[in-house]
Each structure stands twice: as C-alpha cells, then as structure tokens.
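Asks: I'd like to ask you about the structure that follows.
The values are calculated or read from the model by the stated rules, or taken from the named source; none is laboratory data. Predicted model, so just to flag it, every value in this text is computed and none were measured. Quick reminder, even Gly has a Cβ in these numbers, built from the backbone with ideal geometry, and neighbours come from all protein chains shown. Remember, those area values only see protein heavy atoms, side chains included, never the ligands or the DNA or RNA. Shrake-Rupley method; radii C 1.70, N 1.55, O 1.52, S 1.80 Å.
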Amino acid sequence: MTASLFSPLTLRGTELPNRVMVSPMCQYSAEDGLANDWHLVHLGSRAVGRAGVVMSEATAVSPEGRITPSDLGIWSDAHADALADVTAFVRGQGSVPGIQLAHAGRKASKTVPWEDSTPIPESEGGWETVAPAAAPYPYAEGEAATREMTAADIETVIDDFRAAAERALDAGFEIAEVHAAHGYLLHEFLSPVTNHREDDYGGSFENRTRLVREVTAAVREVWPDDRPVFVRISATDWLPDRESWDLDQSARLAPLLADAGADLIDVSAGGIHPDQQVPDPGSGYQVPYAERVGAATDAAVGAVGKITEAEQADQLIRNGRADVAVVGREFLRNPYFTLEAAHELDTDVEWPVQYRRGQFE
C-alpha cells in the first residue's frame, strides 16, 4: 500500500501519527538557555495544529555551544525541567516531541539575527569559539577568534551530547536529533572547507566523519531502544568550485549514520561558508538531495526546503522521494498547516475539541 502524508510511520517503537514534521527553527527567545512561555506557545500551537513531529529548535548541549546568548539549552537539569511542560503539552495533543541537540562551533557567540548576527567579543559577554581548525567564520563585519579543538575538547563534546540526550529523555522527548548541518560544529568536521586537521578527525572521509558517527552512537547509547534518533545533515556545501562536502559524500555517510544508530536522516543543505552558491530556491528545491541520500541507506529520510503546499508534501511521500515532509517557514506563517492539509487532501484528522466548531465542512 502506498504511503501518503497522513499515513502513520513507525520508527523503532514510536509511531508518528502522520508524515508532517515541524522543522527545527531557532527562536532566540531563551534566557540563560531556559525554555519559557514563548517555547510552550510556539511548539504547542503546532501540536494543536496536529503536526506529526514537533521538533524543537537547535538546543545547545553546552553554554559555549550556543549560537547566541538567547539560544535554548539543555546543559543542566534545570534546562530539562523547563522543557518538561512543553513536551507534556505536545504529547497531550497527539504529536511526537523531538529535540535537536546542537553545538554551534565557530558560528557561536554572535548577536541574534534581528541584531545582524555579528560576533560578540568576550569583553562584551561573548565566549571563545572552537572548531576543527583555528579558522573563524568569515562574517561580513569582523571575525571572532576561534581555537582549534584538542583531543580533550572532542571527548568533551561527545560527552556533552550524551549528557544532553539523557536530560532530553528526562524532559519527555521521544525523538533526539543530532544537528550536523548548516555550518555548525559537526558539519565543520565533515567539510574539508573547515576541517584542516591532520589527526584521526581530519583528512580522509573516514576521519572527517568520525565525530558525527561517534556523537550519533553516544546519543543512541543512552536513548531508549523504542525511540528513534535522527541526524540532520547538509547534503552539500553549495561550493562547487572548491574541495567541499557534497552530495556524493552525504550518500556515502548515510549508511554509516544508520550503523551508528540513526533511524532517519533529515536532509538539508548549506551553511558552511558565505560564498555558497545557493540554487534557485524553488518549490521543494532540496527534495532531490533527500531522494539521493534515501537511495543509499535503509534509514528513513526527511526532505526540507520550500515545502509549502499540501499536495506537494503528499506527493513527495506517495512517490517515495522521502518518508517525512519537514516543513519550516510555512509553519511560521500557519501553525495549522497540518489541519488545512488534511482538509485539502480530503483526509479525516481529529481536531482539538476546543476548535471543532471551526472545523472545515
């Protein structure tokens, strides 16, 4: 039987009620990394709208792993406690709560986007950034100093991801996603653009992929057997004129991530360098990346990028191009995208009782 957008999907022992996932989208609205009413309403409203998976924004595994001082975090038990009400509400609406675990690497310690995402000096409340090599991200204005990570730093990062996953479990999340995309730390290790190391974590494909495989295995180690682990990757650096991370390497990586414990590869692109050559961002422009990665692994795949219409999302599932439609900006415009998609596709979805008098006829 052909799957559709509203077919359930079982990953390990966890059933997603449909194939719509809220993409992790930073809100830059936390204080000291703690979730608050904004996160409850933002994530909760998408669950009210009946998204199958409601994924949190990039959630820092350590204070220095934050992109900005306003990032969500999960480096202490207090952070897990602050997220517990969010996960309880999301589950209460029938959606599956997920958390994206992240470290920003050399793209850390900057202002929020509406303040132009500029580097914050340590003298003004910023912090030291770390990366595979001592090469800072080339911001339009200024460059924050970046330190090359030592072997001890790498072990600490693995431990931080493992501990963050344990806290996420305590907070009630059912999916843990490892963030290895968009130019942040794990992507920095994958890409030759940013990884100039000469040790076991640099040089060859095997070495450059070592850290993301080890982090995925560490998260899988503490995550329950009946709950899935996702990994988000950038399928390509969009830098065709230099040695970089590309789709061929992503397809080669996918089965290795599955071997490390990943149940779904969430396929995005870009973010490693401002010189990236982004293709025309037309409707579903990144779906072919998910299709290629999916062909290389038995793990499920999620497709993201300009997925804005019900029929479009449904067809990518029906045609076997992806297992999950990951919707981002459309959910910022419309928290009830999933309910409207069900109506457009003539599919019965149970509405919240509080909203049934507004149900489509």
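Asks: Return the distance in nm (one decimal) between the two label points of a simple spin-label model at Gln359 and Ala145, each offset 7 Å from Cα along Cα→Cβ.
Replies: 6.2
Asks: Now for a different question. Tell me which DSSP H helices of the chain clear both cut-offs, 20 Å or more of axial length from alpha-carbon atoms and a mean Kyte-Doolittle hydropathy of at least 0.0.
Replies: Span-like helices, by this rule, are 77-92, 151-171.
Asks: On a C-alpha basis, how far is the centre of the range 104-179 from the centre of the range 310-334 in Å? Whole number, if you could?
Replies: 30
Asks: Pairs of alpha-carbon atoms within less than 8 angstrom and 6+ residues apart define the contacts here; what relative contact order does the range 299-361 have, in percent? All intermediate terms of the calculation are to be shown ahead of the outcome.
Replies: On the way: 56 pairs, mean separation 19.8, N = 63.
About 31 percent, as a whole number.
Asks: What size of dipole, in debye to the nearest 20, comes out for the chain about its Cα centre when the only charges are +1 on Lys and Arg C-beta atoms and -1 on Asp and Glu C-beta atoms?
Replies: Rounded to the nearest 20 debye, it is 740 debye.
Asks: How high is the relative contact order of the chain? Use alpha-carbon pairs under 8 Å, at least six apart in sequence, and give a whole percent.
Replies: Result for the chain is 16 percent.
Asks: If you don't mind, there's one more thing I want to ask. Rank Thr297, Gln27, Trp245 by how far each Cα sits towards the positive end of the charge dipole of the chain (+1 on Lys, Arg Cβ; -1 on Asp, Glu Cβ) and give me just the farthest.
Replies: Most positive-ward Cα: Thr297.
Asks: Still on this structure: What is the local net charge at Asp37, summed over the other residues whose Cβ is closer than 14 Å to its Cβ (Lys, Arg +1; Asp, Glu -1)?
Replies: -2
Asks: Provide the solvent-accessible area of Asp248, counting protein heavy atoms only and rolling a 1.4 Å probe, rounded to the nearest 10 Å².
Replies: Looks like 90 Å² after rounding.
Asks: Report for the chain the percent antiparallel among DSSP-assigned beta bridges with both residues inside it, nearest 5.
Replies: Beta bridges within the chain, antiparallel portion: roughly 10 percent.
Asks: Also: Kindly provide log₁₀ I(q)/I(0) values, in the same order as q = 0.16, 0.20 Å⁻¹, from the Debye equation applied to equal alpha-carbon scatterers of the range 212-361.
Replies: Debye intensities relative to I(0), on a log10 scale: -0.95, -1.21.
Asks: So what is the relative contact order for the range 254-337, in percent, with contacts set as C-alpha pairs under 8 Å and at least six apart?
Replies: 29
Asks: Leaving ligands, DNA and RNA out of it, rank Tyr285, Tyr355 by accessible area with a 1.4 Å probe, largest first.
Replies: Correct descending sequence by accessible area is Tyr355, Tyr285.
Asks: I want to make sure I understand the PRE zone here: with the label point 7 angstrom from the Cα of Val278 toward its beta carbon, which residues in the range 16-34 have backbone N atoms less than 19 Å away?
Replies: Of the residues in the range 16-34, 23-28 have backbone N under 19 Å from the label point off Val278.
Asks: Given Cβ point charges of +1 (Lys, Arg) and -1 (Asp, Glu) and nothing else, what value in debye, to the nearest 20, does the dipole of the range 183-284 about its Cα centre take?
Replies: Rounded to the nearest 20 debye, it is 120 debye.
Asks: More than 22 angstrom separation, counting every C-alpha pair in the range 240-320; what % is that?
Replies: 30
Asks: Based on Cβ point charges of +1 for Lys and Arg and -1 for Asp and Glu, what charge dipole magnitude is obtained for the range 11-149 about its Cα centre, in debye rounded to the nearest 20?
Replies: 840
Asks: Continuing with the same structure: Out of (i) 23.3, 79; (ii) 25.3, 86; (iii) 19.3, 64, which label holds the value of Rg and Dmax of the Cα atoms in Å that was computed here?
Replies: It is the value labelled (iii).
Asks: Sketch the reach of a paramagnetic label on Asp248 as a point 7 Å from Cα along Cα-to-Cβ, and name the residues of the range 171-205 whose backbone nitrogen lies under 18 Å away.
Replies: Residues 190-193, 203-205 fall inside that zone.
Asks: Given 0.36 nm per residue, what is the gain on full extension from Ala3 to Glu124 after removing their alpha carbon distance, in nm?
Replies: Result: 38.3 nm gained on full extension.
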